[in-house]
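Okay, so here's the structure we're looking at.
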Amino acid sequence: MIVGIGLDIVELSRIRDIVTNKRSFVERVLTDKELEIFDNLKYKRQVEYLAGRFACKEAFSKAYGTGIGKLGLQDIEILTADSGQPIITKSPFHGTCHVSISHTDTVAVAQIILEDK
């Protein structure tokens with residue numbers, strides 16, 4: 001049974017400045033494992049990666065029903081399966097998390113569906 005749906009969209013123009021000038025924000029958003037991946041990407045992919053992960057964490061918090069605040073950005077980790085699919089590897093939710101992240105030249109969007117076991 002679906003217990004939550006969340007959607008978020010992030011403008012890449014806002015993230016470009018963050019990647020260039022605000023490392024502390026990057027470190028607040030990404031877990032250690034996500035940060036390791038981020039640091040090995042070229043600039044354009046760093047922007048897309050950070051925007052996608054931020055949108056995904058915001059979407060998760062909406063689906064979970066708390067919003068960011070009661071749920072921290074570090075409480076959610078999104079890695080990539082061998083198939084290339086984004087997967088949530090760390091969160092307070094114990095059911096199934098369905099994740100979709102997409103990018104254009106101007107935005108990143110993420111949708112989360114939380115399903116009870």
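The values are calculated or read from the model by the stated rules, or taken from the named source; none is laboratory data. Fair warning: this is a prediction, and the values are worked out from it, not measured in the lab. Using ideal geometry, Cβ is built from the backbone for each residue, glycine included, and neighbour counts are taken over all protein chains shown.
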Report task. Output the qualifying pairs, or none if there are none: Cβ atoms under 8 angstrom, residues six or more apart or on different chains, first residue in the stretch 90-101 and closer than 17 Å to residue 71 by Cα, second residue part of a loop (DSSP other than H, G, I, E, B) and basic (Lys, Arg). Result -> 94/117; 95/117
Query raised in the report: Cβ-Cβ below 6 Å, separation at least six or inter-chain, first residue in the stretch 55-81 and more than 16 Å from residue 94 (Cα to Cα), second among the basic types (Lys, Arg): which pairs?
Result: 73/57
Query - Filtered residues of the stretch 1-13 (kept if surrounded by 12 or more Cβ atoms within 10 Å (Cβ to Cβ) and part of a helix (DSSP H, G or I)) - result: 12
Query raised in the report: Name the residues in the stretch 14-28 that are within 18 Å of residue 59 (Cα to Cα) and either among the small types (Gly, Ala, Ser) or surrounded by fewer than 13 Cβ atoms within 10 Å (Cβ to Cβ) (or both), would you?
Result: 14, 28
Query raised in the report: Are any residues in the stretch 17-42 over 14 Å from the mean Cα position of the chain (by Cα), in a helix (DSSP H, G or I) and at pLDDT 95 or above, and if so, which ones?
Result: 36, 39
Query - From 66, 31, residue being touching a strand residue (DSSP E or B) at 6+ places or on another chain (Cβ under 7 Å), surrounded by 13 or more Cβ atoms within 10 Å (Cβ to Cβ) and farther than 19 Å from residue 109 by Cβ - result: 31
Requested in this report: Scan the stretch 11-38 residue by residue and report those that are over 11 Å from residue 53 (Cβ atoms) and of a type in the set (Val, Ile, Thr).
Outcome: 18, 19, 20
Query raised in the report: Any residue at all in the stretch 78-94 that is part of a helix (DSSP H, G or I) and surrounded by fewer than 19 Cβ atoms within 10 Å (Cβ to Cβ)?
Result: no
Requested in this report: Residue by residue through the stretch 35-50, note down the ones that are touching a residue at least 24 places away in the same chain (Cβ under 8 Å), out of contact with any helix residue (DSSP H, G or I) (no Cβ under 6 Å at 6 or more places or on another chain) and surrounded by 12 or more Cβ atoms within 10 Å (Cβ to Cβ).
Outcome: 37, 48
Query raised in the report: When you look at residue 48, is it in contact with a Lys or Arg (Cβ under 6 Å, 6 or more places away or on another chain), among the charged types (D, E, K, R) and within 24 Å of residue 36 (Cβ to Cβ), yes or no?
Result: no
